[in-house]
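> Sharing a structure here in structure tokens format.
The numbers here are math on the coordinates, done by the rules we state, and not lab data. In this text, all values refer to a predicted model and were calculated from it rather than measured experimentally. All Cβ positions, even for glycine, are placed from backbone atoms using ideal geometry, and neighbour counts span all protein chains on display.
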């Protein structure tokens, strides 16, 4: 292990860490996750989707998933709050005729009551009351969420002071109860813990800088000894492993 050379590589990964949309292609082949979830979010969305439905994608990222559905653009709407992604959506979605608006998915949605037949949300903020307000009666809300305990082993590996859970209420039973209280009936509900694997410590550095809310205060200089330890694990075992926490909820508005 050439420590000085490794540190230079990791500092470079830290420096270039950025994201456009929700694009992790920079570390493709160097890490793996979500290969064996017991559900397929896209398949579930397509199961509910009908050609004449008006659809809202909350926290759309760069609109990648929404566009992959191939649904008529005039029936699509989306929100996003992260400034770089807002600019990307304005450049990408608005010219296509998609009703894009900058907004936080966890707050007030800038759409009239009963505007949509289907509201989808993958790994974004949500508010059960607002989802219910913009959905027509009988409409469906579908979300796949990152759970409270996501990546905790990796956080413990990298950080000197392990923080409290950043989103302690992110559990299926809490989300399901909130939607039921808001006038929904759950039709599909699943929760899972699955592996996340890294074959390169530099990729882990890039990942930790991108997912900064899970790794608060992480930097190569402050966590260098922990990174050297991670490199030792990689050289001994051939992989660095943690676990992801996900849950899936599909709920129909009954009121």
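> Considering only residues that are in contact with a strand residue (DSSP E or B) (Cβ under 7 Å, 6 or more places away or on another chain), under 21 Å from residue 195 (Cβ atoms) and in a loop (DSSP other than H, G, I, E, B), which ones fall in segment 35-69?
36, 37, 38, 39 - these are the residues of segment 35-69 that are in contact with a strand residue (DSSP E or B) (Cβ under 7 Å, 6 or more places away or on another chain), under 21 Å from residue 195 (Cβ atoms) and in a loop (DSSP other than H, G, I, E, B).
> Quick one: residue 249 ticks every box in (1) in contact with a strand residue (DSSP E or B) (Cβ under 7 Å, 6 or more places away or on another chain); (2) more than 14 Å from residue 33 (Cβ to Cβ); (3) surrounded by fewer than 17 Cβ atoms within 10 Å (Cβ to Cβ) bar one, so which box is it?
(3)
> Of all residues in segment 81-125 being closer than 19 Å to residue 19 by Cα and over 19 Å from the mean Cα position of the chain (by Cα), which is surrounded by the most Cβ atoms within 10 Å (Cβ to Cβ)?
Looking at the filtered set, the residue picked out is 93.
> Now a separate question. Which residues, taken from segment 102-119, are closer than 20 Å to residue 88 by Cα and part of a loop (DSSP other than H, G, I, E, B)?
Result: 103, 104, 105, 109, 110.
> Here's a follow-up. Restricting the search to segment 202-216, which residues are in a helix (DSSP H, G or I) and in contact with a helix residue (DSSP H, G or I) (Cβ under 7 Å, 6 or more places away or on another chain)?
Selection gives 202, 203, 204, 205, 206, 207, 208, 209.
> Oh, and also: Just give me the residues in segment 138-153 being surrounded by 13 or more Cβ atoms within 10 Å (Cβ to Cβ) and either touching a helix residue (DSSP H, G or I) at 6+ places or on another chain (Cβ under 7 Å) or closer than 30 Å to residue 113 by Cβ (or both), in sequence order.
Scanning segment 138-153 gives 139, 140, 141, 142, 143, 144, 145, 146.
> Among the residues of segment 127-138, are any in a strand (DSSP E or B) and under 23 Å from residue 85 (Cα atoms)?
no
> Would segment 212-229 turn up any residue that is touching a residue at least 60 places away in the same chain (Cβ under 8 Å) and under 18 Å from the mean Cα position of the chain (by Cα)?
So far as segment 212-229 goes, yes, one or more of its residues are touching a residue at least 60 places away in the same chain (Cβ under 8 Å) and under 18 Å from the mean Cα position of the chain (by Cα).
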